[in-house]
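Derivation of every value follows stated rules applied to the coordinates shown; laboratory data play no part. Predicted model only: the values in this text are computed from it and were never measured. Cβ: placed from backbone, ideal geometry, glycine included. Neighbour counts: every protein chain shown.
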Amino acid sequence: MTVRFTLNNADVQLDVPGDTPLLYALRNDLGLNGPKFGCGLAQCGACTILVDGKAVQSCVLPLSGVDGRRVTTLEGLGTADKPHPLQRAVIELQAMQCGYCVSGIVMSAAALLADNPRPSDKEIRDALDRNLCRCGSHVRILRAVREAAAQATSGDPK
């Protein structure tokens, strides 16, 4: 099956079985390392990406499910020279330990902030509910999301 979609603002075409999990295609066929394989059951959030701006677990989404759609991974969110406010806040506040979960957390938080630039703490917690951090960095992660929201709404490019 040929699947065509936009990945990080570039047109992509893959000829692989349509039931291939999107995560496998992103990592194995397209060489992206942002989304991680955690549980394979959409329960840990390590594989979270954006599909048409919505947070989705790519480990259970078949490749055919993104045909004609827009997919964004951590690699497409920002760059080293111009990081997304969430990426900047996570780095500046050292809101991670091992870093395995951070890609999925950043992508879930990016979807939240795109829909709600001034979320409450409860809304942040709810948006990140499907993302596990086994290192226990939750307090620092929440702080980083609040900081990114504050920067984005104040217009501070930092």
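A few comments on the model shown:
- Debye, to nearest 20: dipole size of the chain, +1 on Lys, Arg Cβ, -1 on Asp, Glu Cβ: 420
- Once the Cα atoms are used to define both axes, helix 138-154 deviates from the longest principal axis of the chain by about 80 degrees.
- Peptides 16-25, 97-106, 111-120 ranked from most to least packed by the mean count of surrounding Cβ atoms within 10 Å: 97-106, 16-25, 111-120.
- Highest average first, the peptides 57-64, 28-35 ordered by how many other beta carbon atoms sit within 10 Å of their residues are 57-64, 28-35.
- Length-normalised contact order of segment 1-46 in % [C-alpha pairs under 8 Å, at least 6 apart]: 23
- Calculated from the structure at hand, Cα extents along the principal axes in Å is found among [x] 45, 31, 25; [y] 36, 35, 23; [z] 62, 42, 25 as [x].
- Nonlocal amide H pairs with residue 32, under 5 Å, H built at 1.01 Å: 27
- Size of charge dipole - segment 2-77 - debye, nearest 20, with Cβ of Lys, Arg +1 and Asp, Glu -1, no other charges: 220
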